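The values are calculated or read from the model by the stated rules, or taken from the named source; none is laboratory data. Predicted model, so just to flag it, every value in this text is computed and none were measured. Cβ sites come from the backbone with ideal geometry, for glycine too, and all protein chains shown count toward neighbours. What goes into the accessible areas is simple: the full protein's heavy atoms, side chains included, and nothing from ligands, DNA or RNA. Shrake-Rupley method; radii C 1.70, N 1.55, O 1.52, S 1.80 Å.
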Amino acid sequence: MRRVDESEFDEFYTSSRARIIGQLYAMIGDHDEAQECVQEAFVRAWAHRGSLSRAQHPEAWVRTTAYRLAVSRWRRTRLARRPADRAVSAPVTAGPPDDARVAHVALIEALRQLPEKQVRALVLHHLCDLPVAEVARETGVPEGTVKARLARGRTALAALLDDGLGQPGSPEGAHHG
Amino acid sequence: MADPIDELERLRGHTVGLHDTMPPAAEIRRLGDRRRRREQGLVAGAAAAAVAVVAVTGALAGGALDRDAAPQPAAPSEPPPSRSPSVTDVPTDIPRDFPLDLGALDLTGDGGELRGPAPGATGLEELEVCGQPVWDTEPASRLGFTSTGPETADRRELRVYPSAEEAVAAMSRLQELPACGEEPTADPGRSWVWRPYDATTGYATVSFGASFSQAPDDAPPLGGEAYVVTRVGSAVLALWSSGETSPDTQAQSVTGMTETARGLTPRLCRYTVAGCD
């Protein structure tokens, strides 16, 4: 199969990187970590562009690689017992206007308190607009499992936001990761 | 309170606007080229050592390697020590009728999906263990297969390398398994636990699986994945299954996957120098 050439890769990188960073940020709650993992995923994508060219969805390839890197780094950080360096740091607050920023920060805080597999399903389905079948393919689980994670995630997210536990500074919001 | 999904979908616009300090594409490509050169250099040096390492990894992997391989006459999956097979010794193509879907379920009637076997079909081309990619080098040819159902997923990958050394190097990545142990999840008190399994195919085989640990005062966890990876000469056959398994039922899955591997390995003898006779 023909490999991705330089101009195709450059266009792919330029057009998709911000979107993938945003999606990974929503999954892991740390913008800097998300950016580092996405950068590393693109480096691997170019180094192994044979795999990238075979992938039906190159953006999903990069997103999945970046997510796995983030989980791996998070695990190593946890095992090293360095809570001050943990991958999940305070969410980014720059950018959106004040009202939106409050909701944005509360939502990120709430997402950080959910099980990671539920968060990933929620983000892929509702932020990346992937149908359930695509989420199942990207996460490697049956569709029934995805539906269950979405249902549980929605319920838990609504409860957290209703209770105000997604607000920054709330005791529960500081224990994820 | 607003619908949490509306809130989540509104996040789309906010996250795209976040500050991005990523380097230009040319720098990413430069780093990727450097990475690839380094990996290619390492493969040549590591392959010979990996032959020996894989042979003795059984103890390190807690019995994950095939213990029956040693008594087999002529050790069909190992090349002669002083000779490196080349493309003139063994083929690198995969026959069109290779039955990678041997024994697989067709659940398309229940809303499942069936892909392959085909060179472009999704299989395990992105196999990772403990967050680390297993496949460092591109194979000369590959075949992928995927079968999914409402509760299960079955993916298979056959990779044929230009030489047995490269296949051995690919397998050597699986040695990282003993260090995997438990991965924490965001679910308090619940981990993602990796464990080796015994899988006897008569060839160098690694088998392992992962599932959720039991959380205190909670229902038994369901959800896991299992792997059986076998090398015969310059070919590597990787099988993966996922479903609502528990640690107990996962061992049964591995048994079934091992049977599938045993059914396919005779067809991989063409990728050995000496054959399997």
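Per-residue extension of 0.36 nm, minus the Cα-Cα distance of B:ALA118 and B:GLU9, leaves a gain of 35.6 nm for this segment.
Per-residue mean of other chain beta-carbon atoms within 10 angstrom of the beta-carbon, peptide A:61-70? Walk me through the numbers on the way to the answer.
Numbers: counts 2, 0, 0, 2, 3, 0, 1, 6, 4, 1.
Whole-number average of other-chain Cβ neighbours for A:61-70 is 2.
As a calculated quantity, the FRET efficiency between A:ASP129 and B:ASP110 at R0 = 22 Å, using C-beta atoms, amounts to about 0.30.
Would you please give the FRET efficiency between B:LEU102 and A:THR14, computed as 1/(1 + (r/R0)^6) with r the Cβ-Cβ distance and R0 = 30 Å, to the nearest 0.05? It would help to have the intermediate numbers written out before the result.
Numbers: r = 44 Å, r/R0 = 1.46.
Computed FRET efficiency for B:LEU102 and A:THR14: 0.10.
The modelled label-to-label distance between B:SER213 and B:SER141, using points 7 Å beyond Cα along the C-beta direction, is 4.6 nm.
The mean number of Cβ atoms from other chains found within 10 Å of a Cβ in peptide A:133-142 is 5, as a whole number. Residue order by solvent-accessible surface for A:HIS57, A:HIS48 is A:HIS57, A:HIS48, largest first, with ligands and nucleic acids left out and a 1.4 Å probe.
Using r as the Cβ-Cβ distance of B:ARG30 and A:HIS57, and R0 as 35 Å, what FRET efficiency do you calculate, to the nearest 0.05?
Between B:ARG30 and A:HIS57 the formula returns 0.85.
Per-peptide packing, taken as the mean over residues of other Cβ atoms within 10 Å, places A:115-124, B:237-246, B:91-100 in the sequence A:115-124, B:237-246, B:91-100 from highest down.
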